[in-house]
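The values are calculated or read from the model by the stated rules, or taken from the named source; none is laboratory data. For clarity, every value in this text was computed on a predicted model and none was experimentally measured. Using ideal geometry, Cβ is built from the backbone for each residue, glycine included, and neighbour counts are taken over all protein chains shown. The area values use the complete protein model at the heavy-atom level, side chains included, leaving out ligands, DNA and RNA. Shrake-Rupley method; radii C 1.70, N 1.55, O 1.52, S 1.80 Å.
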Amino acid sequence: MSDPEGYTELRVVPAVGGRELADWRAVHNAIIPTAVLSADEVRERAGRNRLDVAYLGGVAVGCSTVRPPDGETPAATVIARILPEYRGRGFGTALYERGLAHARTLGEEGVETVVLASNEAGLRFALARGFAEVERYVLPGDTIPFVTLRLA
């Protein structure tokens, strides 16, 4: 993807409208092809999680999810995703820090993240920010595990 408008400043907005939800879904599905989400699934997630989309000019370059603690996971979960061609420019850090700030308002039981095991850049990103692996799991029908990491 190119940035036809020539903007270099990242803009992060909540995914609440039709365009933003569609852009969030496109980025998510590009980065996590083993767990493709439908438009209905994304709308459902938007009702219980904070979803943001990162834009460079008019181009969606990333998305994030902040899940509040629940009965299964007492920690808040922060997941930042940046399309491969936009990585290494600080966009992931900006998206992650925004999500982390929100997650810290949701509870005191810590912060986790989840990364597809085949996403080596995502794992390096999490480890470099102080996360440590706590679990690997495979969704039914999948072969590539997800890695749950906890902020130390």
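Of everything in segment 32-55 that's of a type in the set (A, V, I, L, M, F, W, C) and modelled with pLDDT under 95, which residue is nearest to Val115 (Cα to Cα)?
As a first pass, look at segment 32-55 and keep what is of a type in the set (A, V, I, L, M, F, W, C): 32, 35-37, 39, 42, 46, 51, 53-54.
Cutting the leftovers down to modelled with pLDDT under 95 gives us 32, 35-36.
Details: Ile32: 9, Ala35: 12, Val36: 14 Å.
Here the answer is Ile32.
Among the strands (runs of 3 or more DSSP E) contained in segment 27-116, which hold 1 or more residues that are more than 26 Å from Ala152 (Cα to Cα) and out of contact with any Pro (no Cβ under 8 Å at 6 or more places or on another chain)? I'd like the intermediate steps shown before the answer.
Values: elements: 50-56, 59-67, 76-82, 111-116.
Counting at least 1 such residues, we get 50-56, 59-67.
Residue-by-condition table, conditions (1) farther than 23 Å from Val12 by Cα; (2) modelled with pLDDT under 95; (3) crowded, with 19+ Cβ neighbours inside 10 Å:
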| position | (1), (2), (3) |
| --- | --- |
| Arg87 | no, yes, no |
| Gly122 | no, yes, yes |
| Leu127 | yes, no, no |
| Phe131 | yes, no, yes |
| Leu139 | yes, yes, no |
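Within the set of pairs 6+ apart or on separate chains, which have a first residue in segment 83-109 that is within 24 Å of Val59 (Cβ to Cβ), a second that is open to solvent by 40 Å² or more (accessible area, probe 1.4 Å) and part of a helix (DSSP H, G or I), and C-beta atoms under 8 Å apart?
As it stands, the answer is Leu83/Ala30; Gly92/Phe125; Tyr96/Phe125, since those pairs meet every condition given.
Quick one: count up the residues across segment 57-82 that are in contact with a Phe, Trp or Tyr (Cβ under 9 Å, 6 or more places away or on another chain) and either farther than 15 Å from Thr113 by Cβ or small (Gly, Ala, Ser) (or both).
So the answer is 8.
Of all residues in segment 58-110, how many are aliphatic (A, V, I, L, M) and farther than 21 Å from Val42 by Cβ? Step through it out loud before you land on a result.
So the first thing to find is which residues in segment 58-110 are aliphatic (A, V, I, L, M), and the list is 59-61, 66, 75-76, 78-80, 82-83, 94-95, 100-101, 103, 106.
Subset that is farther than 21 Å from Val42 by Cβ: 75, 94, 100-101.
So the answer is 4.
Determine whether Val78 is closer than 25 Å to Pro140 by Cα and in contact with a His (Cβ under 6 Å, 6 or more places away or on another chain). First the steps, then the outcome.
Details: closer than 25 Å to Pro140 by Cα: yes; in contact with a His (Cβ under 6 Å, 6 or more places away or on another chain): no.
For Val78, the condition - closer than 25 Å to Pro140 by Cα and in contact with a His (Cβ under 6 Å, 6 or more places away or on another chain) - is not met.
Within segment 27-56, which residues are touching a Phe, Trp or Tyr at 6+ places or on another chain (Cβ under 8 Å) and of a type outside the set (Gly, Ala, Ser)?
Val42, Leu51, Asp52, Val53, Leu56
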